[in-house]
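Here is the structure we will look at.
Since every read-out is calculated from the coordinates, none of them should be taken as a lab result. Remember, it's a predicted structure, so these values are computed and weren't measured experimentally. Here Cβ is always computed from backbone atoms with ideal geometry, including for glycine, and neighbour counts include all displayed protein chains.
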Amino acid sequence: METSTSFIARSLYRRLWRACGPAVNKATAPTRALRKSVRDSFRETREVSDPVTREMLLERGENTARFLYSAAHTGSREHQLTHNIAAMTMFRRGYAGRPPVKHKLNKEQQALHDDVYAAFERTLAAVNESHNLSLR
C-alpha cells in the first residue's frame, strides 16, 4: 500500500516541530523561532506539485529532522549551529518588527549590519548545500 505524500509531509512536520525544542535545550524564544521557521517553510512549499521537487523537499526535511535530533542529543557543533540560527532568526524578526529608530544607523553601521546578515545567509546556504538540509 502506497503512503500518500500529504501523510508523509504531515509526519515530517510533526517530527520537525517536536525536534525544535530539544535542539535548543527547550529554551522558549529559540524554540519559538525555529518552530516559526518550520511553519513558514511548510506554508511556502504547500503548493508544490512537481513530484521530483516534492521528493527533494521531503528528503531535505528528513535530513533536517535528523540534524535537529542530533543537535538535541550530542550538544556539539550541531547544537551550537542550531542555537545560533535561532538567535539570528530572532534578531532578524525583531528588526523587521521594530527597526532601530532611537539610535539611527549611519551608513557605515548600516553597511556592517547588511554585511553581517549577508555573511550569515551565505554560511547557512553553504551548510544547507553541504549537508542537504533545509535550515532557515
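Summary of values
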quantity	calculated
Residue list for region 80-100, filter: within 15 Å of Asn25 (Cβ to Cβ) and of a type in the set (Gly, Ala, Ser)	Ala86, Ala87
Thr45 being under 11 Å from the mean Cα position of the chain (by Cα) and of a type in the set (Ser, Thr, Tyr)	no
Test: Leu105 is assigned to a loop (DSSP other than H, G, I, E, B) and among the aliphatic types (A, V, I, L, M)	yes
Any hit, region 107-123, residues being free of Cβ contacts under 8 Å to residues at least 12 places away in the same chain and closer than 27 Å to Ser6 by Cα	no
Qualifying residue in region 21-42 (condition: outside any helix (DSSP H, G or I), closer than 19 Å to Asn132 by Cα and within 19 Å of the chain's Cα centre (by Cα))	no
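Residues checked against (1) in contact with a strand residue (DSSP E or B) (Cβ under 6 Å, 6 or more places away or on another chain); (2) in contact (Cβ under 8 Å) with a residue 60 or more places away in the chain; (3) loosely packed, with under 15 Cβ neighbours inside 10 Å; (4) closer than 23 Å to His83 by Cα:
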site: Arg15; (1), (2), (3), (4): no, no, no, yes
site: Ser37; (1), (2), (3), (4): no, yes, no, yes
site: Val52; (1), (2), (3), (4): no, no, yes, no
site: Glu59; (1), (2), (3), (4): no, yes, yes, yes
